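Trainee: Here it is, the structure, as structure tokens.
The values are calculated or read from the model by the stated rules, or taken from the named source; none is laboratory data. Because the structure is a prediction, the values reported are computed rather than measured. Virtual Cβ from ideal backbone geometry, glycine too; neighbours counted across all protein chains shown.
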Amino acid sequence: MRISTSSLYDSGVARITDLQSSLARIQQQLATGQRVLTPADDPAAAAQALDVKQSLALNHQLASNRASGRAVLNQVEGALSSASDIVENAKALVVRAGNASLDDQQRGFIAIELRGALDDLLALANAKDGAGNYLFAGYQTGTQPYVRTATGALYNGDDGERMIQVQPAQQLAVSATGRAVFEGGGQDMFRTLSDVISVLETPVGSPAASAALTAGLANANGKLDKALDNVLTVRASVGSRLKQLDALDSAGGALAEQYRETLGVLQDVDYAEAISELSKQQLTLEAAQQSFLRLTSLSLFNYLS
Amino acid sequence: MASNILSIGKSALAAAQAGLATTGHNIANASTPGYSRQVVVQSAVQPQDFGYGFVGQGTQISAVKRVYSDFLSRQVVAAQSSKSELDSYYAQIRQINNLLADPSTGLAPAVQEFFNGLHDLASNPSSIASRQVVLAAGEALADRFQLLAGRIDETHRGVNSAITSSIHAINSYAQQIAQVNRAIEQAAGSQGNPPNDLLDQRDRLVSDLSKEIKVTVIKQDGGAYNVIVANGLPLVVGGQSSALEAGVSPSDPTRVETHYVSNGVTTALGDQSLVGGRLGGLVEFRANTLDTVQNSIGRIAIGLASSFNSQHRLGQDIDGNLGSDFFTVGTPLVSASSANAGNANISAAIADATMLTASDYKLVHEGGNYVLTRLEDGVTQTFASLPQTVDGVALSLSSGAPANGDQFLIRPVATGASSFALAVQDTARIAGASPIRSGPVPGNTGTAKISPGVVDAAYLVAGTPLPVVVSYDAGSNTLTGFPAGMPVTVSVAGASTTFPAGTPVSYTDGAEIAFGGIGVQITGIPGNGDRFAISANQAAVGDNRNALLLANLQSANTLARGTATYEGAFAQLVSLVGSKTRELGVTSAGAGTMLSEAVEAQQAESGVNLDEEATNLLRYQQAYQAAGKVIQIANEVFESLLQLNK
């Protein structure tokens, strides 16, 4: 068949251009490490990669939510630990005050110590987190939850518990309200301490007064026991939530690993394959260039003199 | 006799000269696009009868003709047309394909960042810094929608100007073809020989024209070309050409459409009739891809803004006020055709963003009815009157009356992305809290608990007076104390009972209790006289309940009739555009192969082969030399005759 000389050039150039552009593509894949450079390269993989990226980013965000939840729970746990120490200490003082050999003055010293405990407990109930928010005020984290009264303290907070999103479909409470911690089980710790202090500060001058003292101390002892139980219950719940966060973290870590792997399969270039493809294309291009040169240098005009 | 030899030699010399000139012409035009090689057609001159036989009289050139095949050329023109249609579509869609996927321009990262900000706000509800991050991320999301809208708009304008320039090119080619038709007629008329280079020039013009639009060429008896475009419109008839014109769409003034002008009458050409070539590719890209992309992104913007606003309005900001709109939401575009005879104003509003489609609609008033066509799939609905709500869009007649045949184009979501903006500027206005809270009244004896409580859209209109304190009566196992005038609905496992306002409400452990847009749940065993209070959520700077609800909208199926999340809908769009781009890449490469095969076949016939021309050069050179020898011999023969006399 006849072939026109310009076709010879046109097709040579077209072939070389094609090879160059496919080489450039492989080079770009190798340079970015990505197999899918635009959605057109693999539309299904590109859309799926967007989904996986969203899941990965959400997973990352949930981990960050859990970290901030853990920080709050740790602060609550610290405060609860101090509260249980204070209550235990108060209980020991109350037991000591029951010693019949003590006189009014010695009971007065114990009352002073208990007053200190009451102050400490109140300070604890009004504790703030690092950002200056009250820990035990419910939703009203900007309002001081407990205000001292003659008979103990008054709660100004509410029953709101702050939840955080720890899993795509799971929320976890990361706060405890003052009412739940300090007034749980129907025992108002502040009232109990305040009552026992006034019992101890009442001089014992008669058998009736002595009986009132004994009754008052026994009452306080029982109530402090219940209060301690309550604090320990709340602590146990906080502890279990912290454990839950740990478990969710490791599950989240494993999930992130899976997402990354999926993303890798969807998007990443197979280096071995790409490099071998690169050498193959390079060889083809060199062959195309050389053959083009040879072919076009053949001309009858070379022999016409 | 000798003079006869001389004239034979002379004719051979002339033929060889013509051969050399034609070969030279071929060599000179070896690289000229559209050139068909020419050959000298030589024939023997009528011989002369000398009685003893016929003696040849030499040679003559009967024609210089071009080697040309109508069939092969038509194939090239057709392949050219579909190749440049696909190329122009492909070039346009590739830009959109890259735009959507690029992390710095795509929607997905901005949506993710925004919802991450809300999660952080839920973790630190009173933090001004967290609130600032939400506003900044909201602003960035709005910027991203604006950027996409801007790029789409830019592409629209680019398509408009490309259509205009393609129309100019078509008109210019049409005029030139008409001119060459005339020139060919004149040249052929005077001599009767084909003016080869003019014919090549005309075929070249037709081929160039076919790059702009699909053409059909009809050869007239006189050899002139009639050129037909767009389903039978004559663009060139002999020496006369008509013109296309870039006009404005009657229903959308921002859209350039193609009009056909003939004898002073202008006709609008529908997109369907413009096939092939650059113009066909542009029109198809605009109708099938660009509008879809614009609408899909618009729908995500409107869906996100609407669902987010609805939830935000149910929340309470840091100062205890109910939330306001967080984003501004785009409104549907309605344009009446400029050809309408009536004075009706049709208005459209978004009634339910979940139900929106990514399609445009055409409303026609026909025979007293309104016929609404969804353009994406051609589904029509007929209504006797307005208002009507279709696919989440409420249509109404706001003023005037339509005449029969009046048309309106309704684009519900087209401006979604460009209208998307942040409406809240103050960090305190972010409604991260719930407007209500609940709790047992101190002194309760039972173990029952009340849930924190939720509000729905009804709360915004019910005007429920707070606080509501309900108390439990053990004797009748009922709750009382609900707001006067409000019925109470109690649901257990999906089955609900409504108690008329003012009547005691039976207590069921764990039942959902709803009244005045408020929902609570009481669980456990209440003591007789136990009370539960639902109150206004004052000073609740640490409440994050609405922030959590807002953050969780990210994974809620709020779009496409509740089947897609914001990012899911975007991923669908990316996949749609990606597939179409891929398809076009493949078909355009295929069309390229078809074209180069057609060109190669055509060139094999008509192209110049330099080696062939080199041999022709030798052939004619030798013929020339030989003819010279003939003349020399004739001369010598004559000389020897003259010598006889000496």
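Trainee: Taking the stated definitions as given, is A:ALA173 within 14 Å of chain B (Cβ to nearest Cβ) and touching a Lys or Arg at 6+ places or on another chain (Cβ under 9 Å)?
Mentor: Working: within 14 Å of chain B (Cβ to nearest Cβ): yes; touching a Lys or Arg at 6+ places or on another chain (Cβ under 9 Å): yes.
Here the answer is yes, as A:ALA173 does meet what is asked.
Trainee: Now, a different point. Quick one: how many residues across region B:25-47 are more than 13 Å from chain A (Cβ to nearest Cβ) and either surrounded by 13 or more Cβ atoms within 10 Å (Cβ to Cβ) or in contact (Cβ under 8 Å) with a residue 12 or more places away in the chain (or both)?
Mentor: So the answer is 8.
Trainee: Okay, next question. In contact with a Ser or Thr (Cβ under 7 Å, 6 or more places away or on another chain) and outside any helix (DSSP H, G or I) - does that describe any residue in region A:176-194?
Mentor: no
Trainee: May I ask you to say which residue of A:SER55, A:SER4 is within 30 Å of B:PRO33 (Cα to Cα) and either buried (at least 20 other Cβ atoms within 10 Å of the Cβ) or within 11 Å of chain B (Cβ to nearest Cβ) (or both)? Steps first, answer last, please.
Mentor: Working: A:SER55 fails: within 30 Å of B:PRO33 (Cα to Cα).
Just a single option satisfies the conditions, and that option is A:SER4.
Trainee: Of the residues B:ARG561, B:ARG582, only one is of a type in the set (Lys, Arg) and assigned to a helix (DSSP H, G or I); which? Walk me through how you get there before you give the answer.
Mentor: Numbers: B:ARG561 fails: assigned to a helix (DSSP H, G or I).
None of the other options fit; the residue is B:ARG582.
Trainee: Give me the residue from region A:115-130 that is small (Gly, Ala, Ser) and under 16 Å from A:ALA79 (Cα atoms) and, out of that set, farthest from the other protein chains (Cβ to nearest Cβ).
Mentor: Taking region A:115-130 and keeping what is small (Gly, Ala, Ser), we get A:116-117, A:123, A:125, A:127, A:130.
Next, from what is left, pick out any that are under 16 Å from A:ALA79 (Cα atoms): A:117, A:123, A:125, A:127, A:130.
Details: A:ALA117: 23, A:ALA123: 19, A:ALA125: 15, A:ALA127: 14, A:GLY130: 10 Å.
Among residues in region A:115-130 that are small (Gly, Ala, Ser) and under 16 Å from A:ALA79 (Cα atoms), the one farthest from the other protein chains (Cβ to nearest Cβ) is A:ALA117.
Trainee: Just give me the residues in region B:227-255 being within 19 Å of B:GLN176 (Cα to Cα), in contact with a helix residue (DSSP H, G or I) (Cβ under 9 Å, 6 or more places away or on another chain) and either among the hydroxyl-bearing types (Ser, Thr, Tyr) or assigned to a strand (DSSP E or B) (or both), in sequence order.
Mentor: If the condition is that a residue be within 19 Å of B:GLN176 (Cα to Cα), in contact with a helix residue (DSSP H, G or I) (Cβ under 9 Å, 6 or more places away or on another chain) and either among the hydroxyl-bearing types (Ser, Thr, Tyr) or assigned to a strand (DSSP E or B) (or both), then B:VAL227, B:VAL229, B:LEU233, B:LEU235, B:VAL236, B:VAL237, B:GLN240, B:SER241, B:SER242, B:ALA243, B:LEU244, B:GLU245 are the ones that fit.
Trainee: In region A:258-299, how many are of a type in the set (A, V, I, L, M), within 14 Å of chain B (Cβ to nearest Cβ), exposed (fewer than 15 other Cβ atoms within 10 Å of the Cβ) and part of a helix (DSSP H, G or I)? Write out each step before concluding.
Mentor: Within region A:258-299, the first condition is being of a type in the set (A, V, I, L, M), and the residues that meet it are A:263, A:265-266, A:269, A:272, A:274-275, A:278, A:283, A:285, A:287-288, A:293, A:295, A:298.
Imposing the further condition that a residue be within 14 Å of chain B (Cβ to nearest Cβ) reduces the set to A:263, A:266, A:295, A:298.
So of that shortlist, the ones also exposed (fewer than 15 other Cβ atoms within 10 Å of the Cβ) come out as A:295, A:298.
Narrowing further to those that are part of a helix (DSSP H, G or I): A:295.
Residues meeting the conditions: 1.
Trainee: Criterion first (crowded, with 18+ Cβ neighbours inside 10 Å, in contact with an Asp or Glu (Cβ under 8 Å, 6 or more places away or on another chain) and farther than 30 Å from B:ASN98 by Cβ) does B:VAL599 satisfy it?
Mentor: Details: crowded, with 18+ Cβ neighbours inside 10 Å: yes; in contact with an Asp or Glu (Cβ under 8 Å, 6 or more places away or on another chain): yes; farther than 30 Å from B:ASN98 by Cβ: yes.
Considered against the rule, which asks whether it is crowded, with 18+ Cβ neighbours inside 10 Å, in contact with an Asp or Glu (Cβ under 8 Å, 6 or more places away or on another chain) and farther than 30 Å from B:ASN98 by Cβ, B:VAL599 comes out as yes.
Trainee: I'm checking my understanding of the structure. Among residues of region B:536-557 that are part of a loop (DSSP other than H, G, I, E, B) and surrounded by fewer than 19 Cβ atoms within 10 Å (Cβ to Cβ), which one is farthest from the other protein chains (Cβ to nearest Cβ)? Steps first, please.
Mentor: If we filter region B:536-557 for residues that are part of a loop (DSSP other than H, G, I, E, B), which is where we start, we get B:537-544, B:556-557.
Applying the additional criterion that residues be surrounded by fewer than 19 Cβ atoms within 10 Å (Cβ to Cβ) yields B:538, B:556-557.
Numbers: B:GLN538: 8, B:ALA556: 11, B:ASN557: 13 Å.
Among those residues, the one meeting the criterion is B:ASN557.
Trainee: Considering only region A:90-113, how many residues are part of a helix (DSSP H, G or I) and either buried (at least 17 other Cβ atoms within 10 Å of the Cβ) or not β-branched (Val, Ile, Thr) (or both)? If you could, list the steps in order and put the result at the bottom.
Mentor: Let us first name the residues in region A:90-113 that are part of a helix (DSSP H, G or I), namely A:90-97, A:104-113.
Of the ones still in play, those that are also either buried (at least 17 other Cβ atoms within 10 Å of the Cβ) or not β-branched (Val, Ile, Thr) (or both) are A:90-94, A:96-97, A:104-111, A:113.
Counting residues in region A:90-113 that are part of a helix (DSSP H, G or I) and either buried (at least 17 other Cβ atoms within 10 Å of the Cβ) or not β-branched (Val, Ile, Thr) (or both) gives 16.
Trainee: May I pose another question? Can you tell me which residue is surrounded by the fewest Cβ atoms within 10 Å (Cβ to Cβ) among those in region A:27-43 that are within 7 Å of chain B (Cβ to nearest Cβ) and under 25 Å from A:SER276 (Cβ atoms)? Don't jump to the end; show me each part of the working.
Mentor: Residues of region A:27-43 that are within 7 Å of chain B (Cβ to nearest Cβ), as a first pass: A:38-40, A:43.
From what is left, the residues that are under 25 Å from A:SER276 (Cβ atoms) are A:38, A:40.
Values: A:THR38: 22, A:ALA40: 24.
Per the criteria, the residue is A:THR38.
Trainee: A follow-up question, please. Identify the single condition in (1) more than 14 Å from chain A (Cβ to nearest Cβ); (2) over 30 Å from B:GLY150 (Cα atoms); (3) crowded, with 17+ Cβ neighbours inside 10 Å that B:ARG66 does not satisfy, given that it satisfies every other one.
Mentor: It fails just one condition, (1).
Trainee: So which residues in region B:297-335 are outside any helix (DSSP H, G or I), surrounded by fewer than 23 Cβ atoms within 10 Å (Cβ to Cβ) and among the polar types (S, T, N, Q), if there are any at all?
Mentor: Result: B:ASN321, B:SER324, B:THR328, B:THR331, B:SER335.
Trainee: Right, here's the next one. Of all the strands (runs of 3 or more DSSP E) wholly in region B:414-505, which have at least 3 residues that are at positive phi? Walk me through how you get there before you give the answer.
Mentor: Details: elements: B:436-440, B:468-473, B:478-480, B:488-492, B:495-499.
In region B:414-505, no matching strands (runs of 3 or more DSSP E) lie anywhere.
Trainee: Is it true that B:GLY529 is touching a residue at least 60 places away in the same chain (Cβ under 8 Å), surrounded by 20 or more Cβ atoms within 10 Å (Cβ to Cβ) and more than 14 Å from chain A (Cβ to nearest Cβ)? Give the steps one after another, and end with the answer.
Mentor: Numbers: touching a residue at least 60 places away in the same chain (Cβ under 8 Å): yes; surrounded by 20 or more Cβ atoms within 10 Å (Cβ to Cβ): no; more than 14 Å from chain A (Cβ to nearest Cβ): yes.
For B:GLY529, the condition - touching a residue at least 60 places away in the same chain (Cβ under 8 Å), surrounded by 20 or more Cβ atoms within 10 Å (Cβ to Cβ) and more than 14 Å from chain A (Cβ to nearest Cβ) - is not met.
Trainee: Could you tell me which numbered condition B:VAL77 fails, if it satisfies all but one of (1) surrounded by 24 or more Cβ atoms within 10 Å (Cβ to Cβ); (2) under 30 Å from B:GLN602 (Cα atoms)?
Mentor: Unmet condition: (1).
Trainee: Looking at A:LEU30, A:LEU19, A:LEU8, A:LEU37, which one is within 25 Å of B:GLY585 (Cα to Cα) and more than 46 Å from the chain's Cα centre (by Cα)?
Mentor: Details: A:LEU30 fails: more than 46 Å from the chain's Cα centre (by Cα); A:LEU8 fails: within 25 Å of B:GLY585 (Cα to Cα); A:LEU37 fails: more than 46 Å from the chain's Cα centre (by Cα).
None of the other options fit; the residue is A:LEU19.
Trainee: Residue pairs, Cβ under 9 Å, 6 or more apart or interchain, first in region B:563-588 and more than 22 Å from A:SER55 (Cα to Cα) and facing chain A (nearest Cβ under 8 Å), second basic (Lys, Arg) and part of a helix (DSSP H, G or I). List them.
Mentor: Matching pairs, first to second residue: B:THR581/B:ARG94; B:GLY585/B:ARG94.
Trainee: Collect the residues in region B:589-624 that are more than 15 Å from A:ARG2 (Cα to Cα), touching a residue at least 12 places away in the same chain (Cβ under 8 Å) and at the interface with chain A (Cβ under 10 Å from one of its Cβ atoms), keeping them in residue-number order.
Mentor: In the first step, residues of region B:589-624 are kept if they are more than 15 Å from A:ARG2 (Cα to Cα); the result is B:589-596, B:617-624.
Among the residues that remain, those that are also touching a residue at least 12 places away in the same chain (Cβ under 8 Å) are: B:591-592, B:594-595, B:617, B:619-621, B:623-624.
Those that are more than 15 Å from A:ARG2 (Cα to Cα), touching a residue at least 12 places away in the same chain (Cβ under 8 Å) and at the interface with chain A (Cβ under 10 Å from one of its Cβ atoms): B:GLY592, B:LEU617, B:GLN621.
Trainee: Please give the number of the condition A:ASP188 fails out of (1) over 25 Å from A:ALA111 (Cα atoms); (2) within 14 Å of chain B (Cβ to nearest Cβ).
Mentor: (1)
Trainee: Please specify each residue of region A:114-163 satisfying the condition of being in a strand (DSSP E or B), under 29 Å from the mean Cα position of the chain (by Cα) and either more than 20 Å from A:VAL238 (Cα to Cα) or hydrophobic (A, V, I, L, M, F, W, C) (or both). Spell out the reasoning first.
Mentor: Going residue by residue through region A:114-163, those that are in a strand (DSSP E or B) are A:128, A:134, A:146-149, A:152-155, A:163.
Subsequent filtering for residues that are under 29 Å from the mean Cα position of the chain (by Cα) retains A:128, A:134, A:146, A:163.
Selection gives A:TYR146, A:MET163.
Trainee: Taking the options A:SER194, A:SER206, name whichever one is over 28 Å from B:SER438 (Cα atoms), touching a residue at least 24 places away in the same chain (Cβ under 8 Å) and either within 13 Å of chain B (Cβ to nearest Cβ) or hydroxyl-bearing (Ser, Thr, Tyr) (or both).
Mentor: A:SER194
Trainee: What number goes with the only condition from (1) surrounded by fewer than 19 Cβ atoms within 10 Å (Cβ to Cβ); (2) part of a strand (DSSP E or B); (3) not charged (D, E, K, R) that B:ALA514 does not pass?
Mentor: For B:ALA514, the failing item is (1).
Per-residue answers, yes or no, for (1) surrounded by 14 or more Cβ atoms within 10 Å (Cβ to Cβ); (2) aromatic (Phe, Trp, Tyr); (3) at pLDDT 90 or above:
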{"residue": "A:ALA123", "(1), (2), (3)": "no, no, yes"}
{"residue": "A:LYS128", "(1), (2), (3)": "yes, no, yes"}
{"residue": "A:TYR146", "(1), (2), (3)": "yes, yes, yes"}
{"residue": "A:THR149", "(1), (2), (3)": "no, no, yes"}
{"residue": "A:GLY160", "(1), (2), (3)": "yes, no, yes"}
{"residue": "A:GLN167", "(1), (2), (3)": "yes, no, yes"}
{"residue": "A:GLU183", "(1), (2), (3)": "yes, no, no"}
{"residue": "A:PHE190", "(1), (2), (3)": "yes, yes, yes"}
{"residue": "A:LEU213", "(1), (2), (3)": "yes, no, yes"}
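Trainee: Within region B:621-639, take every residue that is among the small types (Gly, Ala, Ser) and at pLDDT 90 or above and give me the one that is surrounded by the most Cβ atoms within 10 Å (Cβ to Cβ). Quick ask: steps written out before the conclusion?
Mentor: Here is the first cut: in region B:621-639, the ones among the small types (Gly, Ala, Ser) are B:623, B:626-628, B:634.
In the following step, the residues that additionally are at pLDDT 90 or above were identified as B:623, B:626-628.
Working: B:ALA623: 19, B:ALA626: 14, B:ALA627: 23, B:GLY628: 14.
Filtering region B:621-639 for residues that are among the small types (Gly, Ala, Ser) and at pLDDT 90 or above, the one surrounded by the most Cβ atoms within 10 Å (Cβ to Cβ) comes out as B:ALA627.
Trainee: If B:VAL111 satisfies every condition in (1) more than 9 Å from every other protein chain (Cβ to nearest Cβ); (2) in contact with a Phe, Trp or Tyr (Cβ under 6 Å, 6 or more places away or on another chain) but one, which is the exception?
Mentor: With (1) more than 9 Å from every other protein chain (Cβ to nearest Cβ); (2) in contact with a Phe, Trp or Tyr (Cβ under 6 Å, 6 or more places away or on another chain) applied to B:VAL111, the lone miss is (1).
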